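Have a look at the structure below, then the notes.
No lab work stands behind these numbers, since they all come straight from the coordinates. Quantities reported herein were computed from a predicted structural model and do not represent experimental measurements. Positions of Cβ are generated from backbone atoms using ideal geometry, with glycine treated the same way; all protein chains shown enter the neighbour counts.
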Ligand code: SF4
């Protein structure tokens with residue numbers, strides 16, 4: 001029940017609600033816990049509420065870090081397990 | 001799904017596995033606890049332990065909300081539904097948690113009590129609006145992720161002037177549980193440890209989006225153990241393990257954050273303010289497996305007292321011992337593994353759980369039953385019978 005997923009905010013509604021999209025599914029969720037969410041933002045959805053906004057630049061940076069690490073090991077000619 | 005699939009890439013996982021293998025020192029062991037049940041699930045589902053060198057051991061922690069709920073609290077919820085004739089709303093996993101005499105809320109429902117599964121606290125609120133002639137109780141459980149949604153519902157109930165809605169608050173606090181776990185461990189070499197040996201902690205993802213990374217700093221400062229807050233996906237967990245190993249090798253103990261796309265040091269200020277508006281600290285709360293931990297849970301404060309189930313109904317609390325033979329307590333402290341329980345996979349299975357760790361997919365026993373038990377067979381070899389065969 002702690003599972004939470006990143007979803008895209010498709011449309012803002014009244015009363016701090018919004019329609020989000022996840023894998024083609026649409027759902028109404030509450031934005032009462034997060035300020036300043038805009039359409040197109042990704043938020044982490046948990047039990048019907050957005051918990052926080054997802055930072056796309058930080059996500060890219062983390063992925064780049066993984067890739068760099070893998071490449072560096074290749075360059076070093078590390079033996080694969 | 002965006003922001004999910006990229007973090008499950010198999011090639012990158014192999015790269016991270018090699019990076020970990022390259023940094024690990026063969027001369028020592030690394031005992032790392034993943035605190036959160038979501039991580040326990042990910043570790044089991046993606047077989048992360050298999051990608052690690054044998055001297056890196058992952059220990060499951062107590063961060064599964066239904067696992068740590070003691071029997072006495074479920075008994076109280078059952079009593080509310082049966083004796084006070086309320087509509088009891090709660091999250092799905094809670095319904096199957098075994099209470100006294102292996103009863104559950106699901107059984108109470110089958111016997112006629114009005115117990116309803118909800119996806120969100122908002123659903124409970126809606127039920128209260130739609131049935132003004134019935135008392136509706138939201139049986140609220142969970143860590144800092146589910147607490148703000150409960151606070152939001154209580155505040156909204158007050159704004160709407162609802163007279164028939166209360167919340168039975170059982171929200172618990174992650175940092176207090178980490179302290180409880182660390183207090184049960186003794187320094188290496190003293191031979192007094194009643195808890196698990198812990199060299200580092202993989203910090204929760206979603207709890208940390210709310211509370212930030214600051215509340216873990218005492219772990220580094222007072223207990224000299226490193227913490228790395230990890231995202232939910234397998235690559236996040238692998239990267240966090242690498243970061244922990246680097247800290248341990250360098251003799252460092254700091255709070256680091258791998259989940260920068262959603263977590264910062266301060267957390268979600270709006271959610272924290274709302275929680276502070278509605279809740280007070282409880283002086284003491286009983287946890288399954290960890291016993292009574294001071295200041296480890298919340299209750300509804302006086303300003304919102306009209307929406308507090310514990311003020312509206314007499315619900316005496318009685319501590320109840322776990323089922324004899326169930327090792328959940330030791331598993332939640334990281335001292336034992338699911339395979340160590342003699343009921344695992346025989347008397348206790350997800351469809352018919354004896355203990356709470358077999359209920360939710362985040363529970364250590366359920367995760368191991370679903371994804372890990374085949375490894376027991378493999379590791380047991382062709383001549384030896386697997387655990388609980
Ligand atoms: S297998 Fe079942 S009985 Fe054994 S520790 Fe796990 S939940 Fe408890």
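Take peptide B:8-15, look around each residue's Cβ out to 10 angstrom, count Cβ atoms belonging to other protein chains, and average those counts. Walk me through the numbers before you get to the answer.
Numbers: counts 0, 4, 0, 3, 5, 2, 4, 11.
Counting other chains' Cβ atoms within 10 Å and averaging over B:8-15 gives 4.
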Helix B:234-249: inclination vs chain B longest Cα principal axis, degrees, rounded to 10, gives 60
Ordered by fewest other Cβ atoms within 10 Å, a rough proxy for footprinting exposure, B:333, A:72 read A:72, B:333
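Within 10 Å of each Cβ in peptide B:202-212, how many partner chain Cβ atoms are there on average? Round it to a whole number, please. Intermediate values should be presented prior to the final figure.
Details: counts 0, 0, 1, 4, 7, 2, 1, 10, 4, 0, 0.
Average neighbour count from other chains, rounded to a whole number: 3.
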Inter-part gap, Cα centre of region B:149-186 to Cα centre of region B:20-39, in whole angstrom, is 31
Relative contact order in percent for chain B (Cα pairs under 8 Å, 6+ apart) equals 21
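Using only alpha carbon positions, build the gyration tensor of the protein assembly as shown, then give the equivalent ellipsoid semi-axes as the square roots of 5 times its eigenvalues, largest first, whole angstrom. Working shown, then result.
Numbers: eigenvalues 258, 149, 82 Å².
Here the semi-axes work out to 36, 27, 20 Å.
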Ranked by GNM mean-square fluctuation in chain A (Cα springs under 10 Å), the top entry among A:53, A:61, A:38 is A:61
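Output the antiparallel fraction of DSSP beta bridges having both residues in region A:5-76, as a percent to the nearest 5. Before the final figure, lay out each step's value.
Numbers: 18 of 19 bridges.
Around 95 percent of the beta bridges assigned by DSSP in region A:5-76 are antiparallel ones.
Taking 2.2 N^0.38 Å as the expected size of a compact globular protein, what ratio does the Cα radius of gyration of chain B give against it, to two decimals?
Details: Rg = 21.2 Å, N = 389, 2.2 N^0.38 = 21.2 Å.
Relative to the rule-of-thumb radius for its length, chain B sits at 1.00.
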Expected sort for B:94-100, B:326-332 on mean C-beta neighbours within 10 Å, highest first, is B:326-332, B:94-100
Rounded to the nearest Å, the spacing of the alpha-carbon centers of region B:286-326 and region B:228-251 is 34
Dividing the helical contributions, -39500 (n - 2.57) per DSSP H run of n ≥ 4, by the residues of chain B yields a 222 nm value, nearest 500 deg cm²/dmol, of -10000 deg cm²/dmol
For the protein assembly as shown, percent of DSSP beta bridges that are antiparallel (nearest 5) comes out at 45
By the C-alpha gyration tensor axes a ≥ b ≥ c (rounded if a/c is under 1.5, else prolate when a/b exceeds b/c, else oblate), the shape of region B:219-346 is oblate
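For a quick check: sort B:240, B:104, B:296 by the number of other beta carbons within 10 angstrom, fewest at the front. Don't jump to the answer; show the numbers that get you there.
Numbers: B:240 27, B:104 20, B:296 23.
Ordered by Cβ neighbours within 10 Å, fewest first: B:104, B:296, B:240.
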From the Cα centre of region A:6-33 to that of region B:197-214, the distance in Å is 27
Taking every alpha carbon pair in region A:5-76 and sorting the distances into 10 angstrom bins from 0 up to the bin holding the longest one, the percent per bin comes out as 20, 42, 19, 13, 6, 1
The helix B:147-160 Cα axis meets the longest alpha-carbon principal axis of chain B at an angle in degrees, between 0 and 90 and rounded to 10, of 20
Expressed as a whole number, the average count of other chain Cβ atoms within 10 Å around the Cβ atoms of A:53-66 is 5
Scattering profile of region B:1-127 from the Debye formula, Cα beads only, expressed as log10 I(q)/I(0) at q = 0.12, 0.13, 0.14, 0.15 Å⁻¹, is -0.67, -0.73, -0.78, -0.82
Cα gyration tensor of region B:136-249 diagonalised, 5x eigenvalues square-rooted, in angstrom largest first, produces semi-axes 35, 17, 11
Helix A:56-75 sits off the longest principal axis of the Cα atoms of chain A, rounded to the nearest 10 on a 0 to 90 degree scale, by 10
